[in-house]
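The values are calculated or read from the model by the stated rules, or taken from the named source; none is laboratory data. Only a predicted model underlies this, so the values are computations on that prediction, with no experimental measurement involved. Cβ coordinates were reconstructed from backbone atoms using ideal geometry, including for glycine residues, and neighbour counts include every protein chain displayed.
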Amino acid sequence: MSKVVTMGEMMLRLMPRGPLRLEQATSFDAFYGGDESIVAVALARFGLDAAYVTRLPDNPLGRAALNALRSHGVSTAFVAIGGERLGVNYYETGAAVRPSRVVYDRRHSAMAEATEADFDFDRIFEGAGWFHVSGITPALSDNTAALTEKALAAARQHGVTVSVDLNYRRKLWSPEKARSVMTGLMKYVDVCIGNEEDAAITLGFKPAGTDVYKGELNVEAYKDVFRQMKERFGFKIIGSTLRESRSASDNVWSVLVYDGKTFCHSRKYNLHLVDRGGGGASFAAGLIYGLMTGKTLEETTEFAAAASALKQTILGDFNLTSVAEVMELVKGDVSGRVQR
């Protein structure tokens, strides 16, 4: 099977233990990750040939990040070495009515200062069947915005299927710049992924009767938005996570996928969150896995929903699950009973 390539910024996530606030912390748990690396790791763990494209500094943190990828079977052959620092993400876990909060320290990171000269996209896409990137990558800097378009154009030239997770991050760029850049990139995209907030801000589509802050979802409105997105951009597949937030600790999770003919809405999962980080990227990985391995749209939808639900029960960025574990959940085992 052809390889999957993802591209983005590898980061160090520092988290206070338990529900401590950042200003209370005297120590931190450390995890390496970042959106596109989460996708690459999940796909490698699911048995696909996954390669990650990024730029890391030549220092202990950069080497630790590189080893984190390798430990899960991700190819690092296309990782560029250069720059001065690894981006840092300080993550405060929410509880009940207090939301999780993120403080970024990623300006002038190795990846933010990467240029086209760091990567040979003809070599990178040789033998590739899929390329995935998120809206976080072009948000890092003008350099990475240009780099993202270069990568997408090269993928299209090589006949590679392209997926983009819209992934708006308001602490990285303005809604106006996000919409200007992301709208221009959509001409390269086959599979568009994103939640309701991402689609509204980056592309201008908003489901009626939906408020992410009240936990209100109108699935029929999503369907209407998906139809509009396909009509405007010609996407082959559109997928979204559907998070009903009861509180920062308890969510209801499902996903919606559309192929231009059929809408598939997955079963719903009641989640008591361990770590909501990486839920969206794990959905993207599950969607890519299902589509690449020939699953039906319904099978792909249920696999992606289950994989991303499981991720939110696991601390850290990476989805430390297997295909077998995901399929257990798909088949209906939500008991949480001890497996002996």
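Restricted to region 246-260, and to residues there that are buried (at least 17 other Cβ atoms within 10 Å of the Cβ) and more than 16 Å from the chain's Cα centre (by Cα), the residue that is modelled with the lowest pLDDT is Ala248.
Among the residues of region 179-231, what is the count of those that are at pLDDT 95 or above and of a type in the set (Phe, Trp, Tyr)? Residues flagged as at pLDDT 95 or above and of a type in the set (Phe, Trp, Tyr) within region 179-231 amount to 1.
Every residue, every condition in (1) polar (S, T, N, Q); (2) crowded, with 22+ Cβ neighbours inside 10 Å; (3) touching a His at 6+ places or on another chain (Cβ under 9 Å); (4) not in a helix (DSSP H, G or I), yes or no:
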{"position": "Arg107", "(1), (2), (3), (4)": "no, no, no, yes"}
{"position": "Asp122", "(1), (2), (3), (4)": "no, no, yes, no"}
{"position": "Gly129", "(1), (2), (3), (4)": "no, no, no, yes"}
{"position": "Val133", "(1), (2), (3), (4)": "no, yes, no, yes"}
{"position": "Ala154", "(1), (2), (3), (4)": "no, no, no, no"}
{"position": "Arg170", "(1), (2), (3), (4)": "no, no, no, yes"}
{"position": "Lys177", "(1), (2), (3), (4)": "no, no, no, no"}
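Listed here are the residues, each with its yes/no results for (1) of a type in the set (Asp, Glu); (2) farther than 26 Å from Met7 by Cβ; (3) not in a helix (DSSP H, G or I).
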residue: Phe283; (1), (2), (3): no, no, no
residue: Ile288; (1), (2), (3): no, no, no
residue: Ala304; (1), (2), (3): no, no, no
residue: Leu310; (1), (2), (3): no, no, no
residue: Gly316; (1), (2), (3): no, no, yes
residue: Glu328; (1), (2), (3): yes, yes, no
residue: Asp333; (1), (2), (3): yes, yes, yes
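Scan region 248-261 and tell me whether some residue there is within 29 Å of Val41 (Cα to Cα), among the polar types (S, T, N, Q), assigned to a loop (DSSP other than H, G, I, E, B) and in contact (Cβ under 8 Å) with a residue 40 or more places away in the chain. The answer is yes; a qualifying residue exists. The single condition from (1) touching a helix residue (DSSP H, G or I) at 6+ places or on another chain (Cβ under 6 Å); (2) touching a residue at least 60 places away in the same chain (Cβ under 8 Å) that Ala128 fails is (1). On the basis of being crowded, with 21+ Cβ neighbours inside 10 Å, closer than 30 Å to Leu291 by Cα and in contact with a Lys or Arg (Cβ under 6 Å, 6 or more places away or on another chain), does Ala51 make the cut? Answer is yes for this residue.
Report the residue count in region 179-204 for those that are over 20 Å from Val39 (Cβ atoms) and in contact (Cβ under 8 Å) with a residue 40 or more places away in the chain. Residues that pass the stated criteria total 3. Among the numbered criteria (1) in contact with a Phe, Trp or Tyr (Cβ under 6 Å, 6 or more places away or on another chain); (2) at pLDDT 95 or above; (3) of a type in the set (Asp, Glu), which one does Glu299 miss? Of everything listed in (1) in contact with a Phe, Trp or Tyr (Cβ under 6 Å, 6 or more places away or on another chain); (2) at pLDDT 95 or above; (3) of a type in the set (Asp, Glu), Glu299 misses just condition (1).
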